[in-house]
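Data first, discussion second: the structure below is written as structure tokens.
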Amino acid sequence: MAEVFRAFVVAKTGEEFSAGFKELTREELPAGEVLIRVAYSSVNYKDGLASIAEGKVVRNYPLVPGIDMAGIVAESSDARFKEGDPVIATSYELGMSHSGGYSEYARVPAGWVVPLPGGLSLKEAMIIGTAGLTVGLSLHQMEKLGLKPENGPVLVTGATGGVGSVGISILKKRGYTIAASTGKASEHAYLQKLGATEILGRDETAAESRRPMEKERWAGSLDSVGGSTLSYLIRTTKYGGSIAAYGNTGGGNVATTIYPFILRGINLLGIESANCPMELRQQIWQHLASDYRPDLETIAHEVAFEELPQALATILKGGTKGRVVVRVER
Ligand SMILES: NC(=O)c1ccc[n+]([C@@H]2O[C@H](COP(=O)([O-])OP(=O)(O)OC[C@H]3O[C@@H](n4cnc5c(N)ncnc54)[C@H](OP(=O)(O)O)[C@@H]3O)[C@@H](O)[C@H]2O)c1
């Protein structure tokens, strides 16, 4: 292992915030049983927030952001892993209070490490990343509550984003009819290629209304947006349908009434992927490598490590399309 290696570091001294590339030594990495030589990471909305002073994601500075990583075990003091194993580590405290994937080397607790499922390369695993785990968990919960393709269309909001794109692609693979809501009029062809057969403008799905319920339209939904969009989903979900609420790119306050819940029996499911228990996490990753495997080629956009600051700025502006994978290895 090299004496020094490259990492993207955020720091705060007093009121002064900085974010940029730095050379680190292994002594500067946090404690953990597994040292990973990182090959790929990815760009998630949370990583964008971690890269700015007012993001409220990072809990202790200095820190390497990056909630996702895939790489090769360089050292392990835990019997479950050995040098040379290909592995994935996503979320938990990564990129928040424990240095994450924007680094040529990362040291993590063994309990956070998932063996790379057969059938996926390290790069493919990062195209899927936390976005895929979130969609996988959402589908797992919704299907447990009875969602199936015959129930009707599923609406994906924030559709061109990372989770949205992976969501459309996985729903298509599972035989669902998909509607997509987007603010990007220029990306309809992309969404159709992924599998959406109906496209709604963001204005329609973010519109406020005084009516407690509207025409029943969606058997289910994957919601990256929150705010008034989640209010819209609650008003328009079909009898017994489910909403997977995991995002807040459109805001945190949700206006609703009790009526869709007590008159239509809809299910509002809170989805939290960061602390998803390891057993379920490994199960979902097995699905992501096989029957949930999304259309990786259409979704992916690779950037070099040096291009990371630009990619982080773009996701904060809502300008990302699909999944951005970061090539960390030289
Ligand atoms: N709960 C969890 O475990 C979990 C896990 C992963 C992600 N998330 C959350 O899920 C959300 C999506 O994450 P991501 O990584 O996919 O981010 P992303 O790639 O930036 O996707 C978000 C999409 O939302 C839409 N959008 C952006 N700003 C908006 C606004 N002001 N109003 C309405 N729509 C807006 C855009 O899509 P269009 O232009 O197509 O409308 C954007 O591409 C984030 O809130 C993230 O924190 C949560």
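Every read-out reported here was derived from the displayed coordinates using simple, explicitly stated rules and does not represent laboratory data. From a predicted model like this one, the values you see are computed outputs, not experimental measurements. As a convention, Cβ positions derive from the backbone with ideal geometry for all residues, glycine included, and neighbour counts pool all protein chains shown.
Calculate how many DSSP beta bridges within the chain are antiparallel, expressed in % of all such bridges and rounded to the nearest 5.
That works out to approximately 55 percent antiparallel.
Describe numerically, in nm with one decimal, the distance between label points set 7 Å from Cα along Cα→Cβ at Ala189 and at Ala79.
Between Ala189 and Ala79, the label points sit 5.7 nm apart.
Between beta-carbons, use under 13 Å as the cut-off and find the net charge around Val58, counting Lys and Arg +1, Asp and Glu -1.
+1
List Val324, Val9 from most exposed to least, where exposure is judged by having the fewest other Cβ atoms within 10 Å.
Final ranking by Cβ density, sparse to dense: Val9, Val324.
Taking the Cα centre of the chain as the origin, how large is its charge dipole in debye, to the nearest 20, when only Lys and Arg (+1) and Asp and Glu (-1) carry charge on their Cβ atoms?
Value, rounded to 20: 1040 debye.
Would you mind listing how long the chain runs along its three principal axes, going by Cα atoms, in whole Å with the largest first?
So the three principal-axis extents are 63, 45, 35 Å.
What is the Rg over Rh value, at two decimals, for region 129-270, using alpha-carbon atoms and the Kirkwood definition of Rh?
Looking at region 129-270, the ratio lands at 0.93.
Taking a threshold of 27 Å on the Cα-Cα distance, which of the pairs Lys46/Lys238; Lys22/Lys123; Lys173/Lys317; Lys56/Lys173 fall above it?
With Cα atoms farther than 27 Å apart: Lys46/Lys238; Lys173/Lys317; Lys56/Lys173.
Extending each Cα 7 Å along its Cβ direction at Glu54 and Asn275, get the distance between those two points in nm, one decimal.
2.8
If Lys and Arg each add +1 and Asp and Glu each add -1, what is the summed charge of the other residues whose beta carbon sits under 15 Å from the beta carbon of Thr249?
+4
What does a probe at Gln282 reach in region 16-41, counting residues whose amide N is under 18 Å from the point 7 Å along Cα→Cβ?
Taking a point 7 Å out along Cα→Cβ of Gln282, the residues of region 16-41 whose backbone N falls under 18 Å are 33-34.
With the contact rule set at Cα under 8 Å and sequence spacing of 6 or more, what percent relative contact order holds for the chain?
Relative CO of the chain lands at 18 percent.
Mind ranking 281-294, 115-128 by how tightly packed they are, going by the mean number of other C-beta atoms within 10 angstrom, highest first?
115-128, 281-294
Which one, Val43, Ala219, Thr13, projects farthest toward the positive side of the charge dipole computed for the chain from Cβ point charges (K/R +1, D/E -1)?
Result: Ala219.
Can you give me the distance in nm between label points at Lys148 and Val4, each placed 7 Å from the Cα along the Cα-to-Cβ direction?
6.1
Expected output is a single nm value to one decimal: the length gained when fully extending between Ala31 and Lys173, i.e. 0.36 nm times separation in residues minus the C-alpha distance. What is it?
Stretched out fully, the Ala31 to Lys173 stretch lengthens by 47.1 nm.
Quick one: if you take sqrt(5λ) for each eigenvalue of the C-alpha gyration tensor of region 228-299, what semi-axes come out, biggest first, whole angstrom?
28, 15, 14
With each run of n ≥ 4 DSSP H residues scored as -39500 (n - 2.57), what mean residue ellipticity at 222 nm is computed for the chain after dividing by its residue count and rounding to the nearest 500 deg cm²/dmol?
My calculation for the chain gives -8000 deg cm²/dmol from helical runs alone.
Take the alpha carbon gyration tensor of region 204-252, find the square roots of its eigenvalues, order them as a ≥ b ≥ c, and report rounded if a/c is under 1.5; if not, report prolate when a/b exceeds b/c, else oblate.
oblate
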